[in-house]
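Structure record follows, encoded as structure tokens.
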Amino acid sequence: MKNIVFILLLTSLSANAQRNAGIIAASKDTAFTAFIQPSKANITKDSLLWAAYYFVKMDKGFDLWKKDQAEYPMIGGTSIAHSFNIKNVNQYQIQWSGGVTHSSTGVAGNGTNGMGETYWIPTTNNTHMFLYNRTNNTTGIVMAGLEIPAGVPYQYIVEPNLSGTSRIIAGDNANSVDFVPSSNTGYFSLSRTSSTSLKSYRNAVVQATNTTANSSYTFISSIYLLARNNSGGAINYSTKEINSISLGLGYTDTDMTNKYNIYSYINSILVR
Amino acid sequence: MNTYKLTQEQKNTLASLYSFEAVHINGCWYVSVDEMEGNPLPFTVPTVALMFKVTIDQKNLIVGKRYARRSNFNPVQDINGDWFISKEEIHNCTRAGFEWLYELTESEFIPMHLPENI
């Protein structure tokens with residue numbers, strides 16, 4: 001009930017807030033003000049200010065903030081604006097490499113050498129990975145890291161469509177939660193809340209669950225966007241366009257629904 | 001850039017149906033897959049990537065260097081061991097001293113690491 005009231009309050013404020021971007025900009029929220037400043041994402045347009053403000057307020061209001069570690073709303077349309085982590089602009093800033101295209105709708109890879117390194121490393125049995133995919137194709141992998149310790153592939157993948165299947169893994173191949181999506185576009189995510197609880201989601205709806213015990217292997221490679229980090233080298237470059245990236249600790253089903261609602265609203269007002 | 005690789009005859013057939021821009025390299029025509037989205041092809045043709053070939057010396061000049069804000073060059077090797085960069089890196093490069101990039105020419109790129117489903 002508290003959450004519903006909170007949503008209604010903030011949503012009702014949106015029209016006024018967009019007309020009064022100066023008030024938003026004067027917010028005392030340090031994460032928001034740090035993100036929009038000229039030396040960081042340099043957000044000045046009213047609708048973008050509102051999107052960033054709404055994200056921070058809602059994320060904190062739903063208590064997702066403490067579980068989020070790297071958060072890239074991808075607003076601003078430039079390589080620099082899309083690189084900053086709104087949770088903490090001094091951590092996990094994305095380094096873009098090769099051919100990527102930034103626009104108001106997100107960031108797209110070229111399928112041959114374009115990718116982003118997040119520097120974020122998943123925690124073995126307490127992790128969520130979330131993104132919005134705008135492109136319906138099967139080229140490459142949009143979010144992944146891979147290591148092969150002792151000959152066994154161990155990886156974190158959120159890929160909306162790899163040869164017709166949504167490939168979602170957090171662990172070895174016995175720890176996959178793949179599914180065949182009804183559409184390749186939308187919000188795709190995984191959450192692992194324990195060694196025996198892994199779920200995949202599309203648009204916050206659980207698609208598959210896996211209770212196979214995960215190993216205690218400690219991953220050391222960071223997650224790449226628009227490619228797979230193969231122990232420090234990029235492979236499987238993607239041509240998809242993505243935005244609304246969230247990386248952090250494991251989410252409950254309710255957390256996933258709240259994150260989906262936040263980004264759905266933001267992306268609707270940004271018309272993307 | 002992913003493209004459809006066409007013969008002269010296929011290019012002429014396609015031109016009678018749609019308007020598009022094509023690149024001519026070594027006797028073949030290449031049309032952007034993105035540009036043809038929504039325009040079904042009346043024949044089956046291979047899809048290939050086009051990139052810009054650089055020498056080893058040129059690769060060493062740019063590897064890891066910034067071409068735009070928070071964006072680095074990322075030369076990659078093809079299946080023959082030659083080095084390539086993308087049109088996005090060239091078109092978005094705003095740095096002085098890199099004007100030679102505009103002299104590079106496009107050619108087919110076959111990646112060393114083919115997509116794999118691990």
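The values are calculated or read from the model by the stated rules, or taken from the named source; none is laboratory data. What you see is a predicted model; the values in this text were computed from it and never measured. Heads up, the Cβs are rebuilt from the backbone with ideal geometry, glycines too, and the neighbour counts pull from every protein chain shown.
This table checks each residue for (1) modelled with pLDDT of 95 or more; (2) part of a loop (DSSP other than H, G, I, E, B); (3) touching a strand residue (DSSP E or B) at 6+ places or on another chain (Cβ under 6 Å).
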| position | (1), (2), (3) |
| --- | --- |
| A:L8 | no, no, no |
| A:A17 | no, no, no |
| A:A41 | no, yes, no |
| A:T44 | no, yes, no |
| A:K57 | no, no, no |
| A:D63 | yes, yes, no |
| A:Q69 | yes, no, yes |
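Checking each residue in the range A:136-155 for being among the hydroxyl-bearing types (S, T, Y) and under 18 Å from A:G232 (Cβ atoms) picks out only A:Y154. Where residues in the range A:114-128 are among the hydroxyl-bearing types (S, T, Y) and at negative phi, which of them is nearest to the other protein chains (Cβ to nearest Cβ)? Going through the qualifying residues, I end up with A:T118.
So for the range B:33-44 (the condition being closer than 26 Å to A:Y119 by Cα and either surrounded by fewer than 15 Cβ atoms within 10 Å (Cβ to Cβ) or in contact (Cβ under 8 Å) with a residue 60 or more places away in the chain (or both)), does at least one residue qualify? Within the range B:33-44, not a single residue is closer than 26 Å to A:Y119 by Cα and either surrounded by fewer than 15 Cβ atoms within 10 Å (Cβ to Cβ) or in contact (Cβ under 8 Å) with a residue 60 or more places away in the chain (or both). Counting only strands (runs of 3 or more DSSP E) that fall entirely inside the range A:169-272 and contain at least 1 residues that are more than 14 Å from chain B (Cβ to nearest Cβ) and free of Cβ contacts under 8 Å to residues at least 60 places away in the same chain, the qualifying elements are A:186-194, A:197-202, A:205-210.
Answer yes or no as to whether A:N184 is modelled with pLDDT under 95, farther than 23 Å from A:K259 by Cβ and among the polar types (S, T, N, Q).
Values: modelled with pLDDT under 95: yes; farther than 23 Å from A:K259 by Cβ: no; among the polar types (S, T, N, Q): yes.
The answer is no for A:N184.
Selection within the range A:145-154: residues that are within 19 Å of A:L190 (Cβ to Cβ) and in contact (Cβ under 8 Å) with a residue 60 or more places away in the chain. The member of this set that is nearest to the other protein chains (Cβ to nearest Cβ) is A:L146. Counting residues in the range A:65-74 that are within 14 Å of another protein chain (Cβ to nearest Cβ), crowded, with 20+ Cβ neighbours inside 10 Å and closer than 17 Å to A:N258 by Cα gives one or more.
With respect to (1) buried (at least 23 other Cβ atoms within 10 Å of the Cβ); (2) in a strand (DSSP E or B); (3) at the interface with another protein chain (Cβ under 7 Å from one of its Cβ atoms), the lone exception for A:L131 is condition (3). The conditions of being assigned to a strand (DSSP E or B), of a type outside the set (S, T, Y) and within 12 Å of chain B (Cβ to nearest Cβ) are not met by A:G111. Can you work out which of the residues in the range B:87-113 that are β-branched (V, I, T) and within 14 Å of chain A (Cβ to nearest Cβ) is farthest from the chain's Cα centre (by Cα)? Among those residues, the one meeting the criterion is B:T94.
Name the single residue, out of those in the range A:112-122 being in contact with a Gly (Cβ under 8 Å, 6 or more places away or on another chain) and modelled with pLDDT of 95 or more, that is nearest to B:I110 (Cα to Cα). Per the criteria, the residue is A:N113. Within the range B:52-79, being part of a loop (DSSP other than H, G, I, E, B), within 13 Å of B:L101 (Cα to Cα) and away from chain A (no Cβ under 12 Å) holds for one residue alone: B:T55. When A:I36, A:I121 are checked against the criterion of being buried (at least 21 other Cβ atoms within 10 Å of the Cβ) and of a type in the set (V, I, T), A:I36 stands alone in meeting it. Of the residues B:I79, B:I62, the single one that is closer than 13 Å to B:P111 by Cβ, in contact (Cβ under 8 Å) with a residue 12 or more places away in the chain and over 13 Å from the mean Cα position of the chain (by Cα) is B:I79. Looking at the range A:134-144, which of the residues that are buried (at least 24 other Cβ atoms within 10 Å of the Cβ) and either touching a Ser or Thr at 6+ places or on another chain (Cβ under 7 Å) or facing another protein chain (nearest Cβ under 8 Å) (or both) is nearest to B:R66 (Cα to Cα)? Ranking the qualifying residues of the range A:134-144, first place goes to A:V142. Which of the residues spanning the range B:70-100 are closer than 25 Å to A:S39 by Cα, hydroxyl-bearing (S, T, Y) and at pLDDT 95 or above? The answer is B:S71, and nothing else.
Against the conditions (1) in a helix (DSSP H, G or I); (2) at the interface with chain B (Cβ under 8 Å from one of its Cβ atoms), A:H82 satisfies every one except (2). Note on the range A:88-102: among residues that are under 11 Å from A:W120 (Cβ atoms) and surrounded by 22 or more Cβ atoms within 10 Å (Cβ to Cβ), the one that is nearest to the other protein chains (Cβ to nearest Cβ) is A:I94.
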